[in-house]
Amino acid sequence: MERPYRGVWPVVPTVFTDEGDLDLEGQKRVLDCMVDQGSDGLCILANYSEQFLLSDEERETLARLCLEHVAGRVPVIVTASHFSTRIVVERCRRAASLGGSMVMLMPPYHGAALKGTQEQTREQFARAAQAGLPIMVQDAPLSGVELGVPFLSRLAREIDEVGYFKIETPQTASKLRALIAAGGEAIEGPFDGEEAITLLADLDAGATGTMPSALVPDLLKPIVAAHRAGDRDEAAAAYARVLPLINYENRQAGLRACKAAMQAGGVIRSDHVRAPLAPLAPGVRAGLMEHLRTLDPVVLRWGR
């Protein structure tokens, strides 16, 4: 698995039964489907994996199952974010022991009132680096912590393991461009996220990877590949074809979209999400399927 890591690294959804229990066989099918879709890597236990609805025991079960089942076919990022630095360190060490390729961390936060300072964030990341895995910094509005370009580039220069950045803030392209300029060679992997809704602009700004949902990685990969090969016209045309679906996912369906598609394609039996999340409304589901059928992605054919 050559570095720098780049390309399309979708977030793996967590599969439940209709009763809300972990569906471990379904989880394996999801992993196989995502590898077969041409994903360059995978990310587990992220926000789009419903990580905030999982117990510690379930996290352990899923981390082990995912890494053992993928078995090195593609590299796997393990999300290890937590407010507690001690827990972050433990999660990073565990990810390394299980064979993870990288860990992803948000800055420490717990609601609106408890947010780590820059020095506390740097200290947490420095201690997480002792696990020996590359670190991807997740810069997302969810945390409510503003991570400025000077601070991010400082992290990359001062902590060898910090070289990957998933930027999901407003005006992502501008921030990516500034980060690459400020950090230079220390910025090993500038990625975007947020379902790749600004992918083309972000690639133009220098992004070398994207971390979308698991909905259509097979349709996003040709965009990234064409852009990397210097064929921006082909990248733009391919992006224009898939953008209405991405917009619908981002604005209407959220993390439930990939599960609905996987259920429709026979990958999983249930698209259950845990409360307090609500299932897709029938009209939203119908709109999602209309967009998907037009594009004929692998996810609708894989399990048939």
- Note on the structure: When every protein chain stays in place and a 1.4 Å probe is rolled, W9, W302 sorted by accessible area with the largest first are W302, W9
- Given the pairs K115/K221; K175/K259; K166/K259; K28/K166, which are separated by over 28 angstrom at their Cα positions? K115/K221; K175/K259
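Let's test the formula: R0 of 35 Å, r as the Cβ-Cβ distance of E185 and Q130. What FRET efficiency results, to the nearest 0.05? Intermediate values should be presented prior to the final figure.
On the way: r = 23 Å, r/R0 = 0.65.
So, using R0 = 35 Å, E works out to roughly 0.95.
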- Would you check the accessible area of D160, probe 1.4 Å, heavy atoms only, in square angstrom rounded to 10? 130 Å²
- Task: Rounding to the nearest 20 debye, state how big the charge dipole of segment 31-109 is about its Cα centre with +1 on each Lys and Arg Cβ and -1 on each Asp and Glu Cβ.
- Result: 340 debye
- Query: Which peptide among 73-86, 199-212, 241-254 comes first, and what is the full order, when sorted by highest mean count of other Cβ atoms within 10 Å?
  - Reply: 199-212, 73-86, 241-254
- Cα-based Kirkwood hydrodynamic radius, the chain, one decimal, Å: 19.3 Å
- Note on the structure: Given the candidates T79, L67, Q130, the one whose Cα lies deepest towards the positive end of the charge dipole of segment 1-138, counting +1 at each Lys or Arg C-beta and -1 at each Asp or Glu C-beta, is Q130
- Message: Taking every DSSP beta bridge with both residues inside the chain, roughly what % is antiparallel (nearest 5)?
- Response: 10 percent
- Message: Taking θ = phi - 60°, what integer Hz values does the Karplus form 6.51 cos²θ - 1.76 cosθ + 1.60 yield along segment 84-92, in sequence order, with x for Gly and Pro?
- Response: 6, 5, 4, 5, 4, 4, 4, 5, 5
- Query: Short version: ³J(HN,Hα) in whole Hz for each residue of segment 202-209, in order, from phi by Karplus 6.51 cos²θ - 1.76 cosθ + 1.60 (θ = phi - 60°), x for Gly and Pro, what are they?
  - Reply: 6, 5, 4, 7, x, 4, 10, x
- Message: Amide H of I268 versus every other amide H placed in the peptide plane: which residues, excluding those fewer than 5 positions away on the same chain, fall under 5 Å?
- Response: Q263
- Amide H neighbours of H82 at under 5 Å, excluding residues fewer than 5 places away on the same chain, with H built from the backbone geometry, are M106
- Message: I need the phi-derived Karplus couplings for segment 26-35: 6.51 cos²θ - 1.76 cosθ + 1.60, θ = phi - 60°, integer Hz, Gly and Pro marked x.
- Response: x, 4, 5, 5, 4, 4, 4, 4, 5, 5
- Could you pull out every residue, at least 5 positions away or on a different chain, whose amide H is within less than 5 Å of the one on G189? Hs are placed 1.01 Å off N in the peptide plane, and Pro or chain starts have none. Y164, F165
- Query: Where the only charges are on Cβ atoms (+1 Lys, Arg; -1 Asp, Glu), what is the dipole of segment 200-304 about its Cα centre, to the nearest 20 debye?
  - Reply: 540 debye
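The values are calculated or read from the model by the stated rules, or taken from the named source; none is laboratory data. This one's a predicted model, so the numbers in the text were calculated from it and none came from an experiment. Cβ: placed from backbone, ideal geometry, glycine included. Neighbour counts: every protein chain shown. Heads up: the accessible areas ignore ligands, DNA and RNA and are worked out on the full protein's heavy atoms, side chains in. Shrake-Rupley method; radii C 1.70, N 1.55, O 1.52, S 1.80 Å.
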